[in-house]
Amino acid sequence: MRNIPTLTHRELSTQFYSPIAYIVITIFLVISGIFFISDNFTSGGEASVRDIFGNYMPLILVFILPMLTMRLMSEEYRSGTIETLMTAPVNDAEVILGKFFGAVLFYFVLLASTLVYPIVVSLYGPLDVGLTLSCYVGLMLVGSLYIAVGIFFSSCTRNQVIAVLCSFVLLAVFTFLVHYIGQQQEGVVRVVMQHLSIISHFQDFSRGLVDITHVVFFLSSTCLFLFFAVKILEFRRWR
Amino acid sequence: MIQVNNLTKRYGPSRGIEDVSFNIDRGETGNIIGFLGPNGAGKSTTIRILTCYQPATSGTATVAGHNVFTESLQVRRKIGYLPENAPLYPEMRAREYLDFRAKLHRMSRNDRIAAVGRVTEKCWLGDFIDRPIGQLSKGMRQRVGLADALLHDPEVLFLDEPTIGLDPNQIRETRKLIRELGQRHVVFLSSHILHEVEQLCTHTIIIANGRVLADGSPAELRERISGSSRLIAEIKGGVDETRSAVQGISGVGAVESGEEPDGWSRLSIEANGTGDIREEVFRLVADKGWALRELRHEVASLEDFFIKITAEQRQDAGV
């Protein structure tokens, strides 16, 4: 596991070299900024970060994060650098985790740029610091899960387009569709759907509540997808 | 240094390697091993297994004293590998890349600086060490890849087609460098270019269709074919007449003959054993009063051998 910092460092610096990173940052800030303004700067609007962080952010991230993660493994397969990487004294888990932490750190930088919203809100009224913090904790957890899913699909294919589309679909299903079905149904189906829905696990964070069950849900599903990614990487070499 | 026993790798129904075995000890006759075969013969597959990139379907292999399946990390610490086409990260600068690779080999900061300096000098990276790899030409990238493989001073160096896609000058430089490296490391070099292997290598393994066809020093391989070397003679005389006369000489095996358009006969004489029969042929021609305008030994090169065995292989396979 000692190689993880080395791999993370390389991954992070590569993110900043690539134009995709800057495009992603721009798209993210423009979209979240539009939501922020249209929601808060209307007459009678609430001076709160709850809407932007609680309702819109997870949706924006579904589209933004797969774009950051799509090249992580696919690019290594396509260019053949996976061969030099895996013949260095590095194991499969280190490779996946190094890339995961690189992407997560980049995402945290992206999140840090949204600190401007609570600052703006605090100019217009008292800021609920506890709520803001729990929103950030929730967003970090949701983002980590999305990144793990993105890495999993990236490790399945050498084609970045396939990787990004599969991540979109899976994340969209578990963020929007499952939540929607849960609302429409009654009884057991409703309970099951609510447990699977990313949004319903996230909602408590946006109410200022850091519930350990939701933390466990996000951390364990993140680990699950990272584990799958390691297994896929192993499997590809065994073929 | 490298022991391979009955290594088999199957991908689909046909590709891969079948029952490959060879054994290379350090410094028996030198340290550059040529792994020769036509494209698609299984060279890269074998190298990928030996460098621990892919596991084999069956069989065992030991590199630098460690089993490539059970002690993969130990093997990887002792080998350097330059894959075909030298894949690198285009966005990194050469120095950055080498530093990153040295870190993966757990070198301390001072060791890394020293190692990068050493390989920079050895592979002449001086002029472009601080340029992004994406801007480098094919030959430069090849040198960066080679520098990377040398960083941790490996015992065994695997080079997969190191001269492919280079211009003639770069090829000559690369070969010179490989020859130098052979003094210090065991170099395992794959190539489909015959004279490259013939020039560089002290030990040659020929592979085709996933099977090892020959294994030995270039001299040994040449000796194996010199037994069936040929003599070409052009004699002025009837085809049948000259042929039966030549066949009368002791030590002559099969004789093929053909008539040239100008009335000369062209004989291709196969000698049994290794004795030189040119003198006997000359005496015979002189006794008979014929004229002789050509008498030459067809020197068997590694190339003939290579073509012969790969062609035989193809016939056996019924292609």
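Data overview
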| item | result |
| --- | --- |
| Listed residues A:CYS223, A:CYS166, A:CYS135 arranged by accessible area, highest first, probe 1.4 Å | A:CYS223, A:CYS166, A:CYS135 |
| Pairwise FRET efficiency - A:SER43 versus A:VAL161, Cβ, R0 = 60 Å, nearest 0.05 | 0.85 |
| Zone residues, segment B:237-264, relative to B:ASN272, backbone N less than 11 Å from point 7 Å out along Cα-to-Cβ | B:250-254 |
| Neighbouring partner chain Cβ atoms per residue of B:82-88, average, 10 Å criterion | 4 |
| Cβ neighbours within 10 Å from other chains - mean over A:85-96 | 5 |
| Cβ crowding within 10 Å averaged over residues, with A:210-219, A:224-233 ranked highest first | A:224-233, A:210-219 |
| Estimated FRET transfer efficiency when R0 is 25 angstrom, pair A:LEU29-A:ALA172 (beta carbons, to 0.05) | 0.70 |
| Spin-label model distance (nm) - A:SER79 vs A:GLN185, 7 Å beyond Cα toward Cβ | 4.4 nm |
| Ordering of A:4-13, B:48-57, B:103-112 by burial proxy (mean other Cβ atoms within 10 Å per residue, highest first) | B:48-57, A:4-13, B:103-112 |
| Most to least packed among A:52-64, B:236-248 [average Cβ atoms within 10 Å] | A:52-64, B:236-248 |
| Percent carbon-and-sulfur accessible area, the protein assembly as shown, ignoring ligands, DNA and RNA, probe 1.4 Å | 56 percent |
| Computed magnitude of the charge dipole of the protein assembly as shown (debye, nearest 20; Cβ of K, R +1, Cβ of D, E -1) | 1200 debye |
| Debye, to nearest 20: dipole size of chain A, +1 on Lys, Arg Cβ, -1 on Asp, Glu Cβ | 660 debye |
| Debye, to nearest 20: dipole size of segment A:89-209, +1 on Lys, Arg Cβ, -1 on Asp, Glu Cβ | 160 debye |
| Computed Rg/Rh of chain B, alpha carbon atoms with Kirkwood Rh | 1.12 |
| Surface accessible to a 1.4 Å probe, A:PHE16 within the full protein complex, Å² | 80 Å² |
| Long-range HN-HN contacts of B:ALA271 with modeled amide H, under 5 Å | B:SER229, B:LEU231, B:GLY253 |
| Pair A:SER122, B:GLN3: separation of 7 Å Cα→Cβ label points (nm) | 6.9 nm |
| B:GLU260/B:HIS195 FRET efficiency (R0 25 Å; Cβ-Cβ; nearest 0.05) | 0.20 |
| Solvent-accessible surface ranking, highest first, for A:PHE108, B:PHE282 at 1.4 angstrom | B:PHE282, A:PHE108 |
| Residue-averaged beta-carbon neighbours from other chains (10 angstrom radius) around A:75-83 | 4 |
| Normalised contact order of chain A, rounded percent, pairs of Cα under 8 Å and 6 or more residues apart | 27 percent |
| Span-rule helices in chain A, defined as complete DSSP H runs reaching 24 Å or more along the axis (Cα) with Kyte mean at least 1.0 | A:19-40, A:92-112, A:129-156, A:212-238 |
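The values are calculated or read from the model by the stated rules, or taken from the named source; none is laboratory data. Predicted, not measured: the structure shown is a model, and the values here were computed from it. Ideal geometry is used to build each Cβ from the backbone, glycine not excepted, and the neighbour counts take in all protein chains shown. Protein only, heavy atoms only, side chains kept; ligands, DNA and RNA dropped before computing areas. Shrake-Rupley method; radii C 1.70, N 1.55, O 1.52, S 1.80 Å.
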